[in-house]
């Protein structure tokens, strides 16, 4: 069996470790549960709390997690039936591992599908940190954007980053759907901030 497919399966079914930078500059290694376990936990926690949680954002995340979990369960179940493997209705991780154990041929489709699931779950459960920038977007000139709950919000441009990989992940985006301008990398973000300050010297950054 190919390494790529094995790695794609392990990304969903095995624990992972990341280095986290603390406020004092030191780093610690944090172990995370497998992504499929995290996804199932997010869904069961939401159901146990009576639904989507106390905020609009939490509700959206939990609804999306439930949809993603059902999609994955259905797809893996179909793969198992085609491979003559009995799925475990109670454990998605076991089902995926059973299917993988029965594979004998290379499958780019399956590898890419599993990689997409891993990316989607990560984005759902650990979204990038967001720092809004006051003022209009330099590209589309809009001063407002529409949030997930449909409300009109100020500061359409925001800096995004992942805590564990701050420098590598640093970017800024315009959250106006019709614009979606993006600035990637620390230098581009710094130039953007300087430009917005020059255009709006009295604005609060």
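Read-outs throughout are calculated quantities, based only on the coordinates presented, and are distinct from any laboratory measurement. Quick caveat, the model's predicted, so the values are computed rather than measured. All Cβ positions, glycine included, derive from the backbone under ideal geometry; neighbour counts span all protein chains shown.
Overview of values
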| quantity | calculated |
| --- | --- |
| Mean-position separation - Cα centroids, the range 69-109 and the range 123-150, in angstrom | 38 Å |
| Using distinct alpha-carbon pairs, which all enter the 1/r mean, Kirkwood radius of the range 129-199 in Å | 12.3 Å |
| Stretchable slack from residue 153 to residue 184, in nm (0.36 nm times residue separation minus alpha-carbon distance) | 8.8 nm |
| Pairwise FRET efficiency - residue 78 versus residue 146, Cβ, R0 = 41 Å, nearest 0.05 | 0.70 |
| Spin-label model distance (nm) - residue 168 vs residue 191, 7 Å beyond Cα toward Cβ | 2.3 nm |
